[in-house]
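The values are calculated or read from the model by the stated rules, or taken from the named source; none is laboratory data. If you're wondering where the values come from, they're calculated on a predicted model, not measured in any experiment. Cβ placement follows ideal geometry from the backbone for every residue including glycine, while neighbour counts extend to all protein chains displayed. The protein model used for the area step is the full one, side chains on, heavy atoms only, and it has no ligands, DNA or RNA in it. Shrake-Rupley method; radii C 1.70, N 1.55, O 1.52, S 1.80 Å.
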Amino acid sequence: MSRTSRLLEMLGMLRARRTPVTALQLSQELGVSERSVYRDIETLRMLGAPLDGQAGVGFVLRDGFFLPNFAFSAEEVEAVILGLTWVKQRADPALSHSSDSALAKILSSRTDRLHDENAPALVSAASLSQRSDPPQVGALRDAIRRLRKVRMAYEDAVGAASERTVWPITIVYFDDVRVLAAWCESKSAFRHFRVDRVRSASVLDERYPERRSLLMRRWREQDRDWRSFLTVSDGAPG
């Protein structure tokens with residue numbers, strides 16, 4: 001993580017907290033030394049961040065710094081809460097953890113306080129499914145984000161195993177199934193894979209050569225009825 005990214009991440013962490021955060025807590029969450037945290041705190045103060053606190057006590061960021069108020073209506077806030085509740089219940093651990101911090105940042109940014117963050121939510125998500133995201137989802141999301149090829153072992157609906165090198169472009173979240181859309185090198189075509197049938201996935205250092213936006217456009221043009229994922233054979237075009 002670059003220092004600029006770390007400063008922005010620290011600001012986000014401080015905005016999401018209502019009580020002082022110690023340098024030790026910040027260092028543990030950011031993966032840096034306490035000394036680096038103190039240097040970053042001073043840098044943020046020099047840049048105009050209204051930071052209160054001191055070493056040994058903790059730091060807190062006063063309201064009104066840097067980012068404008070989000071102009072969400074009450075219904076938009078409830079929609080965000082509903083979506084993030086679903087993510088917390090059903091997504092892989094990294095996304096589940098991030099749903100809490102994302103909601104805290106959104107609510108802490110609001111100066112109008114249309115939503116009382118301490119009051120019970122008007123809406124909530126409840127899942128009857130016992131399925132949760134398989135562990136491979138996190139690795140596949142990372143590969144999509146960094147445009148990396150993935151070498152994976154896959155088992156289709158009848159138990160036939162195969163080894164694939166794919167260019168992952170998106171994961172579609174259905175109620176009970178996660179489906180990976182990817183360009184398959186061995187088939188020279190787009191293919192769809194149920195993530196719960198991916199037995200192993202290794203993110204390679206090699207980037208795939210095309211821009212993801214162009215791949216997404218080609219995929220949508222060739223597979224217009226992409227919801228047919230669930231009715232086609234595994235690995236077949238949608």
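Observations
- Meets criteria (open to solvent by less than 50 Å² (accessible area, probe 1.4 Å) and not in a strand (DSSP E or B)) for Trp219: yes
- Pick from region 28-76, criterion modelled with pLDDT under 90, of a type in the set (Gly, Ala, Ser) and within 15 Å of Arg6 (Cβ to Cβ), ranking: most open to solvent (accessible area, probe 1.4 Å): Gly31
- Residue count for region 175-204 under the criterion of being in a strand (DSSP E or B), open to solvent by 60 Å² or more (accessible area, probe 1.4 Å) and more than 18 Å from Ala160 (Cα to Cα): the result is 1.
- Of note, Ile171 does not satisfy the criterion of being assigned to a helix (DSSP H, G or I) and modelled with pLDDT under 95.
- Positions within region 38-51 being in a helix (DSSP H, G or I) and farther than 14 Å from Gly12 by Cα, in sequence order: Tyr38, Arg39, Glu42, Thr43, Arg45, Met46
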